[in-house]
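Contents: one structure, followed by commentary.
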Amino acid sequence: MSKRIALVTGGIGGLGSVICRQLAADGFTVVANYITQEEAKAQAWLTAEREAGRDMHIAMADVSNFESCTAMIAKIKTEIGAVSVLVNNAGITKDGMFKKMSLENWMDVLNVNLNSVYNVSRPLIDDMLTAGWGRIINMSSVNGQKGQFGQTNYSAAKAGMHGFTKALAQETASKGITVNTISPGYLATEMVMAIKQEVRDQIISTIPVGRLGKPEEIAKLVSYLASDDAAFITGANIAINGGLHMC
Ligand code: CAA
């Protein structure tokens with residue numbers, strides 16, 4: 001069987017890079033999506049990954065823009081092949097209390113974190129349906145499950161991702177496609193390190209495991225959900241948060 005192609009949005013970032021490496025190690029041809037402004041970083045990233053012997057590609061698109069995503073998916077199909085695993089990982093934070101939140105900070109987070117899920121999944125779902133096999137893995141957050149002070153935009157978008165998961169999982173379950181959500185807790189990535197130290201320390205003190213998560217701990221789960229072995233898991237929201245939120 002030829003290698004399956006996995007597309008990871010936000011693939012050159014903190015968590016995205018580790019997910020790409022795990023999928024490559026587990027036998028996928030991996031395409032890491034990046035945004036226009038990160039062209040130089042993406043090229044350097046690709047060079048390093050290939051030097052390390054990984055079967056990686058990069059693909060530019062602004063995930064908040066449908067036309068940009070449609071063009072990216074068409075280019076990947078022509079140059080590499082049809083995507084059979086999609087990891088909707090791209091995400092941003094623009095934290096702030098709701099009473100101070102601008103419309104721009106609301107829309108930016110909804111567009112990048114939630115509308116992106118439509119923008120990237122829609123142009124490739126037909127190929128998964130035709131192939132009779134596919135995996136869509138939506139990277140949500142503990143804060144989509146429990147809400148978080150200062151994150152009305154992010155919590156709304158992340159909770160919305162799982163609504164999408166449950167609906168699409170029902171539409172595609174009989175077609176060999178699974179759709180799942182992973183809800184990581186606080187990880188040792190740039191996004192979390194950007195929180196003010198005293199706020200971050202306070203958050204860490206509430207995590208029962210007593211530490212931030214490692215991206216590798218999430219990436220293993222992504223790769224398992226992408227495998228044939230996970231065919232019976234669909235519509236799930238898998239928490240991986242050190243006990244911060246139990247449901
Ligand atoms: N619950 C209740 N009250 C809180 C609170 C909380 N969790 N956090 C802060 N407050 C209170 C403060 O005590 C303070 O009260 P007073 O006015 O009485 O002193 C008030 O709210 C304002 O707090 P700040 O001084 O922190 O306000 P700020 O405007 O400087 O900052 C904020 C607000 C940006 C939201 C900041 O609190 C913050 O960064 N919070 C963390 C947000 C967060 O967890 N982001 C996660 C990013 S990582 C990520 O999202 C990845 C993932 O998926 C997990």
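The values are calculated or read from the model by the stated rules, or taken from the named source; none is laboratory data. A quick note: this is a predicted structure, and the numbers were derived from the prediction, not measured. Methodologically, a virtual Cβ is constructed for each residue, glycine included, from the backbone with ideal geometry; neighbour enumeration extends over all protein chains shown.
The table below lists the values:
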quantity: Answer from V192, V142, V179 - the residue that is buried (at least 22 other Cβ atoms within 10 Å of the Cβ) and either among the basic types (K, R) or near the ligand (Cβ under 9 Å from one of its atoms) (or both); calculated: V142
quantity: Test set (1) hydrophobic (A, V, I, L, M, F, W, C); (2) touching a residue at least 12 places away in the same chain (Cβ under 8 Å); (3) part of a helix (DSSP H, G or I); (4) surrounded by fewer than 17 Cβ atoms within 10 Å (Cβ to Cβ) - V117 fails condition number; calculated: (4)
quantity: Residue in segment 81-92 that is more than 22 Å from K196 (Cα to Cα), out of contact with any helix residue (DSSP H, G or I) (no Cβ under 8 Å at 6 or more places or on another chain) and aliphatic (A, V, I, L, M) present; calculated: no
quantity: Yes/no for E198 being within 10 Å of the ligand (Cβ to nearest atom), under 16 Å from the mean Cα position of the chain (by Cα), over 16 Å from S140 (Cα atoms) and surrounded by fewer than 14 Cβ atoms within 10 Å (Cβ to Cβ); calculated: no
quantity: Single residue of A71, A6 found to be of a type in the set (A, V, I, L, M), farther than 30 Å from W106 by Cβ and at pLDDT 95 or above; calculated: A6
quantity: Residues within segment 107-134 that are among the acidic types (D, E) and within 14 Å of I35 (Cβ to Cβ), tallied; calculated: 1
quantity: Filtered residues of segment 146-158 (kept if within 12 Å of the ligand (Cβ to nearest atom) and either at pLDDT below 95 or in a helix (DSSP H, G or I) (or both)); calculated: K146, T152, N153, Y154, S155, A157, K158
quantity: Answer residue from segment 213-247, given it is assigned to a loop (DSSP other than H, G, I, E, B), touching a helix residue (DSSP H, G or I) at 6+ places or on another chain (Cβ under 7 Å) and of a type in the set (A, V, I, L, M) and is surrounded by the most Cβ atoms within 10 Å (Cβ to Cβ) among those; calculated: L244
quantity: The one condition in (1) within 16 Å of the ligand (Cβ to nearest atom); (2) in a helix (DSSP H, G or I); (3) of a type in the set (A, V, I, L, M, F, W, C) that A169 fails to fulfil; calculated: (1)
quantity: Qualifying residue in segment 209-229 (condition: in contact with a Leu (Cβ under 9 Å, 6 or more places away or on another chain), over 21 Å from L124 (Cβ atoms), of a type in the set (S, T, Y) and more than 8 Å from the ligand (Cβ to nearest atom)); calculated: no
quantity: Selected residue [in contact (Cβ under 8 Å) with a residue 12 or more places away in the chain and either of a type in the set (D, E, K, R) or crowded, with 16+ Cβ neighbours inside 10 Å (or both)] from A74, A59; calculated: A59
quantity: Every pair of residues 6+ apart whose Cβ atoms lie under 6 Å, when the first sits in segment 159-170 and is buried (at least 18 other Cβ atoms within 10 Å of the Cβ) while the second is modelled with pLDDT of 95 or more and not polar (S, T, N, Q); calculated: A159/G144; G160/L114; M161/V117; F164/V117; T165/V179; L168/V179; A169/V179; A169/G235
quantity: Cβ-Cβ under 6 Å pairs, at least 6 apart or on other chains, segment 137-153 side under 12 Å from S183 (Cβ atoms), far side in a loop (DSSP other than H, G, I, E, B) and more than 9 Å from the ligand (Cβ to nearest atom); calculated: M139/N89; V142/H245; Q145/H245; K146/H245
